[in-house]
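Colleague: Pasting a structure here, questions to come.
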Amino acid sequence: MVIPGSLLDELGASYALDDVHIENLRRNGFVHLKGVFSQDLLAFFREPLARIVAAESQQLPPLAERDAYGRAFAQIMNVWTRHEHVRDFILNRKTAEIATRLLRCSGVRMWHDQ
């Protein structure tokens with residue numbers, strides 16, 4: 001998949017985090033960050049990601065064969081290892097930098113997606 005230059009630039013751009021964001025994460029366990037990705041970038045990835053999730057979901061066992069957790073949550077994991085579109089969307093400089101700054105650490109690694 002070829003990402004247009006302007007969107008590629010966006011995936012490498014910094015996001016303005018401040019101490020309030022970091023404190024909200026520490027206090028509440030989550031933080032709402034507005035405008036991380038532009039509408040154009042989200043539109044570019046929306047259809048391919050929806051198609052991939054739908055296809056991957058078809059590989060799950062039927063509901064009757066799942067345990068209680070599996071019936072409540074249909075999980076597909078490590079999709080980024082199989083699909084370039086997912087990899088390009090989640091493994092980028094902007095996302096990694098945001099996570100690193102929020103966690104106040106020197107770097108982050110993707111363990112798994114879900």
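Colleague: Could you list, in sequence order, all residues of segment 1-56 that are touching a residue at least 40 places away in the same chain (Cβ under 8 Å), closer than 23 Å to residue 104 by Cβ and either in a helix (DSSP H, G or I) or small (Gly, Ala, Ser) (or both)?
Modeller: Residues satisfying the conditions are 11, 12, 13, 14, 21, 22, 25.
Colleague: May I ask you to list the residues in segment 47-65 that are surrounded by 11 or more Cβ atoms within 10 Å (Cβ to Cβ) and closer than 30 Å to residue 8 by Cα?
Modeller: Filtering segment 47-65 down to residues surrounded by 11 or more Cβ atoms within 10 Å (Cβ to Cβ) leaves 48-49, 51-53, 55-57, 60.
Correct list: 48, 49, 51, 52, 53, 55, 56, 57.
Colleague: Sticking with this structure for a sec: Identify the residue in segment 66-110 that is surrounded by 15 or more Cβ atoms within 10 Å (Cβ to Cβ) and of a type in the set (Phe, Trp, Tyr) and, among all such residues, is nearest to residue 36 (Cα to Cα).
Modeller: 89
A short reminder: the numbers here are calculations on the coordinates, not readings from a lab. What you are looking at is a predicted structure, and each value in this text was computed from that prediction instead of being measured. Every residue, glycine among them, receives a Cβ derived from its backbone with ideal geometry; neighbour counts consider all protein chains shown.
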